[in-house]
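The values are calculated or read from the model by the stated rules, or taken from the named source; none is laboratory data. Quick caveat: nothing in here was measured; it's all calculated off a predicted structure. Every residue, glycine as well, gets a Cβ built from its backbone with ideal geometry; the counts of neighbours run over all protein chains shown. Note: areas computed on protein heavy atoms with side chains; ligands, DNA, RNA excluded. Shrake-Rupley method; radii C 1.70, N 1.55, O 1.52, S 1.80 Å.
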Amino acid sequence: MNGYPIILTRTFDCDYFWGFHVKPSFLDQAEAKKFITAATAQIDSLGNGIRQVVFSNDKYSVIGIVAHTADIIAASSLSSDKKQSLEQYTADIRGRKIYGFWGFVCERSQMSLCKPSYDDYVDIFGRYVIPVWNNKTQESVIADQPINIQGTGAYGIIPTSELGYNGKNIYTNGSDMFGAFISKSMNSALSFCSGLVGAKCIRESEFENIQTDSSTISNLEYAIEQEKELELQRELERKAKEEEEKRLSEQKAAEDAKKRAFSQSPISSMQNGTSQKGGFGTKSSYPDSQIKQQNNGYGNKYGSNYSSSDDTDDEPWSYDRSDSSSKKKQFSVNQRENRQQKSGINPLIPAAIGAVVLIVVIMILFVGNK
């Protein structure tokens, strides 16, 4: 099978070159970076392992591995002498082990059931990294001529996933699924990475198919249960908040209705009337009889001719407005009655005594005439 080489790594004195040391011109670099970055997550947990990577779109498939350079060389079929001669290219200026992504971009129309071998990865390392090993700057090499991939047959079966998590299919490391996903990528857009460990790493990963260890699956299952409990608690809190808001709303509506009913009741009207100031120049809400008593009291106590109103319905006496003498006479009678009431004498008693005396006098005169 033919493929275009793609490498992301570092050299002796230069940091990891995210522009890729080599790549084809038609590569979607943003898409490739997204998956390769996810494949190199928590690289310290990789140890001496190797992560297998496949991601594809409707035009091509990218097939490769994430590994330390020393591990790729050690896994190859090179002679011991050749492997030893390549050890100088496995660590940087500070003596740190170098890792990278090594792979091939294969056009769908040209793909066959082929899985690259470690010798294929060492071959492109020798072609595109060793020549620039001591350079102080890095540059991308555009490889628009495919090379032949020796490899082995890409076969395998994709088993049922053991866990679904955040839209991802999670598998254990019980089987080699690299060849199976390479085969499937020939006619499907997909993404696969093996060797990712840790719940956080998988949760944040861009890959939809992930192969991991049983310990990580157990941790994910526990995390799922915790998330369900947290979601249930949030739902209960949300419902409690809604019920409380509903209760307060109904309580306020009831209080407002009660206030409106009270403001429209006769009792409220009377209370509003009695609360008004009943002084001079202001009409009081007291009944007419109380007004009469109050007005009579002012006239008797202070000797004034004060009256509360010119309205005949509110006046304490009845008279023809054109007859001023009648008004004065009636006022004098009222004054006298008020003085008698104030002194505690019933005004009817003197009238009754006078009537008795008058009868007695008439009888005496009548008898005397006979």
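Computed quantities for the displayed model
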read-out	value
Residue in the stretch 100-119 that is of a type in the set (Ser, Thr, Tyr) and either surrounded by 22 or more Cβ atoms within 10 Å (Cβ to Cβ) or closer than 21 Å to Phe17 by Cβ (or both) present	no
Residues being more than 15 Å from His68 (Cα to Cα) and surrounded by 15 or more Cβ atoms within 10 Å (Cβ to Cβ) - total across the stretch 127-139	4
Leading residue by the ranking (farthest from Lys97 (Cα to Cα)) among those in the stretch 3-15 that are open to solvent by 50 Å² or more (accessible area, probe 1.4 Å) and touching a residue at least 60 places away in the same chain (Cβ under 8 Å)	Asp13
For Glu206: the one exception among (1) within 19 Å of Gly49 (Cβ to Cβ); (2) of a type in the set (D, E, K, R); (3) assigned to a loop (DSSP other than H, G, I, E, B)	(1)
Residue tally, condition among the hydrophobic types (A, V, I, L, M, F, W, C), open to solvent by 60 Å² or more (accessible area, probe 1.4 Å) and either within 25 Å of Val54 (Cα to Cα) or touching an Asp or Glu at 6+ places or on another chain (Cβ under 8 Å) (or both), over the stretch 211-241	0
Residues of the stretch 178-210 satisfying the condition of being free of Cβ contacts under 8 Å to residues at least 60 places away in the same chain and either open to solvent by less than 70 Å² (accessible area, probe 1.4 Å) or of a type in the set (Lys, Arg) (or both)	Ala180, Lys184, Ala199, Lys200, Ile202, Arg203, Asn209, Ile210
Candidates Ala70, Ala39, filtered to the one that is hydrophobic (A, V, I, L, M, F, W, C) and open to solvent by 10 Å² or more (accessible area, probe 1.4 Å)	Ala70
Yes/no for Tyr171 being touching a Pro at 6+ places or on another chain (Cβ under 8 Å) and open to solvent by less than 60 Å² (accessible area, probe 1.4 Å)	yes
Single residue of the stretch 98-128 satisfying the filter (among the basic types (Lys, Arg) and not in a strand (DSSP E or B)) that is modelled with the lowest pLDDT	Arg108
